[in-house]
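J.: First, the structure itself, so that you have it in front of you.
The values are calculated or read from the model by the stated rules, or taken from the named source; none is laboratory data. Remember, predicted model here, so these are calculated numbers, not experimental data. Here Cβ is always computed from backbone atoms with ideal geometry, including for glycine, and neighbour counts include all displayed protein chains. Accessible surface is based on the protein model in full, side chains and every heavy atom, while ligands, DNA and RNA are left aside. Shrake-Rupley method; radii C 1.70, N 1.55, O 1.52, S 1.80 Å.
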Amino acid sequence: MTDTNAKFSCRNVKVHYGDFEALHGIDIDIPDRGVTAFIGPSGCGKSTFLRTFNRMNDTIDGCRVSGKILMDGNDIYNKNLDPVLLRARVGMVFQKPNPFPKSIYDNIAFGPRIHGLTSSKAELDALVEKSLRRAGLWDEVKDRLKLSGTGLSGGQQQRLVIARAIAVSPEVILMDEPASALDPIATAKLEALIEELKERYCIIIVTHSMAQAARVSDKTAFFYMGDLVEYDATEKIFTNPSNNRTQDYITGRTG
Amino acid sequence: MNQITVYMLMLICALVVAGFVYNRSQALTKFRQMRAEAGGKLELSSWHSQASYHGYFTGWLVIFVTFTVFIAGLLLGAQSGGGVIPWVAVMIIAGVGTIFLCGKKISGGFRARTYVERFVHGLLIVLSIIAVLTTLGIILSLLFESLRFFKSVPFMDFLFGFQWSPQTALRADQVGQSGSFGAIPVFAGTFLIMLVAMAIAGPIGLMIAIYLTEYASAGVRKWVKPAIEILAGVPTVVYGFFALLTFAPFVRGFAESFGFSVPTQSALAAGVVMGVMIIPFVSSLSSDVINAVPQTLRDGAFALGATESETMKQVVFTAALPGIIGAFMLAISRAIGETMIVYMAAGKAANLTANPFEAVTTVTVQIVALLTGDSDFDSPKTLVAFALGLVLFVITLLLNVVALTVVRRYRAKY
Ligand SMILES: Nc1ncnc2c1ncn2[C@@H]1O[C@H](COP(=O)(O)OP(=O)(O)OP(=O)(O)O)[C@@H](O)[C@H]1O
Ligand SMILES: [Mg+2]
């Protein structure tokens with residue numbers, strides 16, 4: 001029953017905040033390459049579910065995750081698995097760009113340094129440049145790598161944190177509404193970037209924009225009140241959904 | 001202040017209260033009457049101020065008028081002898097007259113609220129000006145007295161002299177014998193004690209702040225934070241005798257067990273106890289700045305696979321660093337201004353030393369020593385206290401300004 005091409009296989013995943021059950025048993029297989037979009041009304045549990053993939057829920061007091069999540073066939077909630085190592089493999093980009101109050105260079109170099117990915121300054125320089133290039137930010141910042149990352153514009157900051165995430169060469173990038181603070185031009189750049197990154201990475205993106213989900217994703221999952229209602233190829237979801245709820249949501253009849 | 005003046009002040013209070021109550025009720029009556037005439041519904045624009053504003057207006061005006069009479073009476077010496085009765089009479093007439101005049105003005109169109117607001121506004125400005133002027137006055141007096149001192153002792157000899165013995169100069173009845181007023185040993189002592197204190201308070205306070213903000217559970221925080229802040233509430237004189245009677249003998253005993261002989265009063269004893277005193281400054285100011293570091297930064301670091309301590313050291317701490325430096329500077333300025341602990345535990349001998357086991361003296365201790373006891377307020381021996389105070393003031397002022405600028409710059413950062 002498990003899809004052999006799946007990066008993540010989730011079986012009966014439930015998440016509790018204290019006594020409150022935010023997710024009621026999710027089963028899903030996320031493919032290895034390509035973009036998977038999570039859509040659904042506010043409060044339905046998209047962010048909560050996204051955070052189970054890199055165990056960021058561990059940092060929230062009172063949050064419990066049950067069920068099974070396999071990454072490449074290995075249980076990521078196994079007691080012997082170090083969440084710190086998991087997070088090096090599963091990067092995350094947040095809704096609000098959150099560059100560290102350090103130089104642009106140090107922002108990118110942060111991950112490689114703590115994981116000891118490079119052995120010389122030259123290697124680190126090269127890695128920083130490569131990450132910034134991939135994130136499409138290099139040309140804009142190459143002359144001011146020593147300046148603070150917080151001084152960039154919102155769209156540049158968001159690409160900076162993406163560069164920061166890909167600098168540790170993760171296998172997966174989780175994005176929680178990455179474009180919600182961006183203007184249309186920055187959003188277009190971001191989407192182009194996602195388009196490019198999906199060749200190499202497994203990308204999961206939470207978005208409130210139907211158009212964005214339709215543009216960038218290969219598969220779409222629709223969540224409603226803590227349940228996975230429908231999960232299919234994006235084209236199918238947006239042209240011919242099999243569930244009425246999905247139909248109502250994407251046509252804007254429920255919010 | 002004799003009895004009559006006290007009674008007069010009570011009379012003023014009575015007049016003010018009476019004026020407020022009476023004219024407020026007058027206004028209310030008029031308002032109701034007008035409303036009744038208008039058929040129960042009054043246009044908002046036809047009655048400008050609420051009744052109580054008419055009361056306040058009267059009250060303020062009565063205060064103003066009666067106080068003028070009061071001051072005039074005091075200046076004319078009316079508080080004793082035959083002046084009393086006219087004084088009281090004028091006071092009552094002026095007060096009651098003001099009340100009636102104000103009462104006459106009450107109408108829908110009279111803008112009592114505007115006047116009251118304007119008056120309160122003016123009053124607040126005057127009060128803050130008084131505070132500023134007081135500060136200015138203190139600075140000017142420091143400055144002028146210091147200038148008088150520098151007439152007899154050259155500024156450079158004071159600031160860069162290595163010999164501090166103001167008492168000798170006095171005994172020899174010599175004014176400003178050169179070398180006697182060299183302040184370096186005194187400032188060095190202050191500096192040494194400050195270093196000892198910060199060596200204690202800096203790391204401990206910072207660790208406490210980090211523990212409380214990043215690691216402690218809400219329950220622990222609830223109890224530990226106030227418990228630490230109690231340290232700041234202990235009177236400094238209590239710290240002083242704790243330093244002198246408990247901690248200093250302990251230090252001496254400890255040193256003697258290694259075969260060293262050290263004096264009871266020492267920079268170490270005073271500095272350590274002062275350090276304990278300023279721990280809560282460092283810890284609560286730094287925990288505020290650490291708390292102000294947004295959670296999203298921590299999440300960002302965790303999501304890159306950073307451990308808790310890496311996140312703390314490389315992200316949270318660097319983000320909070322300017323604020324922490326600011327907190328340290330405020331703590332330092334507190335430390336060098338502290339008097340009681342050093343007066344009791346550090347000693348009075350002006351030794352120029354870097355050895356914390358020796359007795360040293362500080363600026364504040366010297367000021368106290370110079371100004372207590374019988375002294376002639378024109379001799380350099382007392383005037384030098386102003387010079388010391390001035391330098392101390394400038395140093396703490398600079399520290400505070402730098403600290404606040406650093407903290408503010410950091411605020412704008414995210
Ligand atoms: N830290 C938390 N503590 C308690 N409850 C939480 C917490 N985070 C989320 N929840 C609850 O879990 C449910 C799902 O929240 P989640 O943030 O995953 O929704 P979402 O789909 O991402 O919504 P949005 O689109 O508004 O971001 C909500 O009912 C929310 O109130
Ligand atoms: Mg969300």
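J.: Positive end of the charge dipole of region A:108-255 (Lys, Arg +1 and Asp, Glu -1 on Cβ, about the Cα centre): tell me which of A:Tyr201, A:Tyr231, A:Ser120 has its Cα farthest that way.
T.: Toward the positive end, the furthest listed residue is A:Ser120.
J.: Continuing with the same structure: Share of antiparallel DSSP beta bridges in the protein assembly as shown, in percent to the nearest 5?
T.: If we restrict to bridges inside the protein assembly as shown, about 60 percent are antiparallel.
J.: Something else about it: What order do B:Lys105, B:Lys151, A:Lys142 take when sorted by accessible area (1.4 Å probe), most exposed first?
T.: Order by accessible area, largest first: B:Lys151, B:Lys105, A:Lys142.
J.: Using protein chains only and a probe of 1.4 angstrom, how many square angstrom of B:Lys313 are accessible, to the nearest 10?
T.: It works out to around 130 Å².
J.: Rg to Rh for the protein assembly as shown: what is it, with Cα atoms only and Rh by Kirkwood?
T.: Rounded to two decimals, Rg over Rh is 1.14.
J.: Quick check: with the 1.4 Å probe, what order do B:Tyr239, A:Tyr77 take by accessible area, largest first?
T.: Listed by decreasing accessible area, they come as A:Tyr77, B:Tyr239.
J.: Next up: Which shape class, rounded, prolate or oblate, goes with region A:1-83 when its Cα gyration tensor gives a ≥ b ≥ c as root eigenvalues, a/c under 1.5 marks rounded, and past that a/b bigger than b/c marks prolate?
T.: oblate
J.: If you bin every alpha carbon distance in region A:6-250 into 10 Å steps from zero, what whole percent lands in each bin?
T.: 8, 31, 35, 21, 5, 0
J.: Under the definition of Cα pairs under 8 Å and six or more residues apart, what whole-number percent is the relative contact order of chain B?
T.: 17
J.: Identify which of B:Ile125, B:Ile325, B:Ile200 has the largest mean-square fluctuation in a Gaussian network model of chain B, with springs joining Cα atoms closer than 10 Å.
T.: With Cα springs under 10 Å in chain B, the top fluctuation among B:Ile125, B:Ile325, B:Ile200 is at B:Ile125.
J.: So, taking all protein chains as they sit and a 1.4 Å probe, how much accessible area belongs to A:Arg33, in Å² rounded to tens?
T.: In the full protein context, A:Arg33 sits at about 140 Å².
J.: Choose one of B:Val234, B:Leu136, B:Phe181: the residue whose Cα lies farthest towards the positive end of the charge dipole of chain B (beta-carbon charges +1 Lys, Arg; -1 Asp, Glu; about the Cα centre).
T.: Selected residue: B:Leu136.
J.: What dipole magnitude, in Debye to the nearest 20, does the protein assembly as shown give about its Cα centre under +1 on Lys/Arg Cβ and -1 on Asp/Glu Cβ?
T.: The dipole magnitude comes to about 1560 debye.
J.: Starting from the Cα of A:Ala188, move 7 Å in the Cα-to-Cβ direction to define the label point; list residues of region A:205-220 whose amide nitrogen is under 17 Å from there.
T.: Counting backbone N atoms under 17 Å from the label point, the list is A:211-213, A:215-216.
J.: Between region A:142-161 and region B:116-167, what is the C-alpha centre distance in whole Å?
T.: If we compute the Cα centre of each part, the gap is 47 Å.
J.: Shifting gears a bit: Per residue, how many Å² of accessible area does chain B show with a 1.4 Å probe?
T.: 52
J.: Rolling a 1.4 angstrom probe over the protein chains, ignoring ligands and nucleic acids, what is the accessible area of B:Ile279 in square angstrom, nearest 10?
T.: Here the residue's solvent-accessible area equals roughly 20 Å².
J.: Using a probe of 1.4 angstrom, how much of the accessible area of region B:2-131 is carbon and sulfur, in percent?
T.: Answer for region B:2-131 is 71 percent, counting heavy atoms of protein chains only.
J.: Please report the buried accessible area for the interface of B with A, total over both chains, probe 1.4 Å, in Å² to the nearest 100.
T.: Buried area between the two chains comes out at roughly 1700 Å².
J.: Which Rg and Dmax, in Å, describe the Cα atoms of region B:62-141?
T.: So, for region B:62-141, Rg and Dmax equal 17.7, 52 Å respectively.
J.: Charges only on Cβ, +1 for Lys and Arg, -1 for Asp and Glu: so what's the dipole of region B:180-410 about the Cα centre, in debye to the nearest 20?
T.: Dipole size: approximately 320 debye.
J.: Continuing with this model, one more query. Using 0.36 nm per residue of separation minus the Cα-Cα distance, give me the extension gain between B:Lys104 and B:Ala131 in nm, one decimal.
T.: Contour length minus Cα-Cα distance gives 6.0 nm.
J.: Largest first, what is the accessible-area ranking of B:Cys13, A:Cys63 with a 1.4 Å probe?
T.: Ranking B:Cys13, A:Cys63 by accessible area, largest first, yields B:Cys13, A:Cys63.
J.: Continuing with the same structure: For chain B, with only Lys/Arg (+1) and Asp/Glu (-1) charged at the beta-carbon, what is the dipole magnitude about the Cα centre, in debye rounded to 20?
T.: 1720
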